[in-house]
1. Return the pair list, or none, for Cβ contacts closer than 8 Å from residues in the stretch 111-123 that are within 16 Å of V199 (Cβ to Cβ) and of a type in the set (D, E) to residues that are modelled with pLDDT of 95 or more and surrounded by fewer than 13 Cβ atoms within 10 Å (Cβ to Cβ), at least 6 apart or on different chains.
2. Take the residues of the stretch 208-235 that are without any contact (Cβ under 8 Å) to a residue 12 or more places away in the chain and either at positive phi or not in a helix (DSSP H, G or I) (or both): which is surrounded by the most Cβ atoms within 10 Å (Cβ to Cβ)?
3. Restricting the first residue to the stretch 146-170 and requiring it to be part of a loop (DSSP other than H, G, I, E, B), which pairs with a second residue that is buried (at least 20 other Cβ atoms within 10 Å of the Cβ) and among the β-branched types (V, I, T) meet a Cβ separation below 7 Å and a spacing of at least six or different chains?
4. Of the residues L82, L20, L16, which is under 26 Å from K201 (Cβ atoms), at pLDDT below 95 and surrounded by fewer than 22 Cβ atoms within 10 Å (Cβ to Cβ)?
5. Look at the stretch 172-202 and say how many of its residues are part of a strand (DSSP E or B) and either in contact with a His (Cβ under 8 Å, 6 or more places away or on another chain) or more than 22 Å from A24 (Cβ to Cβ) (or both).
6. Would you mind stating whether E205 is touching a strand residue (DSSP E or B) at 6+ places or on another chain (Cβ under 7 Å), part of a helix (DSSP H, G or I) and crowded, with 18+ Cβ neighbours inside 10 Å?
7. Which of (1) modelled with pLDDT of 95 or more; (2) out of contact with any strand residue (DSSP E or B) (no Cβ under 8 Å at 6 or more places or on another chain); (3) more than 19 Å from A40 (Cβ to Cβ) does D122 not meet, given it meets every other one?
8. May I ask you to list the residues in the stretch 19-59 that are touching a Phe, Trp or Tyr at 6+ places or on another chain (Cβ under 9 Å), of a type in the set (S, T, N, Q) and in a helix (DSSP H, G or I)?
Amino acid sequence: MPLLFPWAAILLGLVLSGALPVRAAEVAVDVGHGLKDGGAISARGRAEFEFNRDFARVLQPALEARGITVRPVNYDGLIGGLTERPLAASGADFFLSLHHDSLSAHLLEDWEWQGSAQSFSDRYAGFSLYVSRNNPDALVSERCASAIGAMMRRAGFVPTRHHFPKREWADEENAVHYYDNLVVLYRTTLPAVLFEAGVIKHRDEELLLRDPARQVRMADAVATGVAACLYATPR
């Protein structure tokens, strides 16, 4: 898939310039994992769910500033099963699941942080995105993922490439992979994208992902990509 379809690039320019308002749309923002299943553990022992929730709280006002209504999904961490997340998003225009990346066990090293044994790897860092070809609106899912990835790169964020070849490229330039059988991506009635903000096992990137100013910059990039995609997509 190219960086952006030509007509989408034109609309993106209008959105960025403020010449056109983003039409009303509703995005279900899903906080990955939860209180019982905290997800990956960072290099300093923090649960992924906490990173996901923190970023959702920054992303929501960025989306709302672009005229998008946000439907919070699992902000309290109480949703248990994966199938409940798409159900909670039913009726929205777009489903965005927020996550933070880990690494395979064979890549990890041991270290001690504040007296606690932890694991880390400084080998890979960066963002990535996932879509499913089994999604009922796979074309829009891919288009929105590419728009988000393009805006992330435009804002200076660097993608990670370590998920390939295990996860086939949907759009290599913008770090979009296929993950066809991921429940939150295909068990839904609307376009869906999973966003990995960065690798929390990487010690430097973990600290960057907790930086409030950087979170705002990342949220601005993600929200702009979502807005440009949805504005260009007939509903």
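1. Correct list of pairs: D122/D204.
2. D211
3. Final answer for the pair search is T160/V199.
4. Numbers: L20 fails: under 26 Å from K201 (Cβ atoms); L16 fails: under 26 Å from K201 (Cβ atoms).
Just a single option satisfies the conditions, and that option is L82.
5. Of the residues in the stretch 172-202, the ones part of a strand (DSSP E or B) are 176-178, 192-199.
From what's left, either in contact with a His (Cβ under 8 Å, 6 or more places away or on another chain) or more than 22 Å from A24 (Cβ to Cβ) (or both): 176-178, 194-199.
Qualifying residue count, the stretch 172-202: 9.
6. Values: touching a strand residue (DSSP E or B) at 6+ places or on another chain (Cβ under 7 Å): yes; part of a helix (DSSP H, G or I): yes; crowded, with 18+ Cβ neighbours inside 10 Å: yes.
When the stated conditions are applied, E205 passes them.
7. (3)
8. none
The values are calculated or read from the model by the stated rules, or taken from the named source; none is laboratory data. Quick caveat: nothing in here was measured; it's all calculated off a predicted structure. We place every Cβ from the backbone using ideal geometry, glycine too, and count neighbours over all the protein chains shown.
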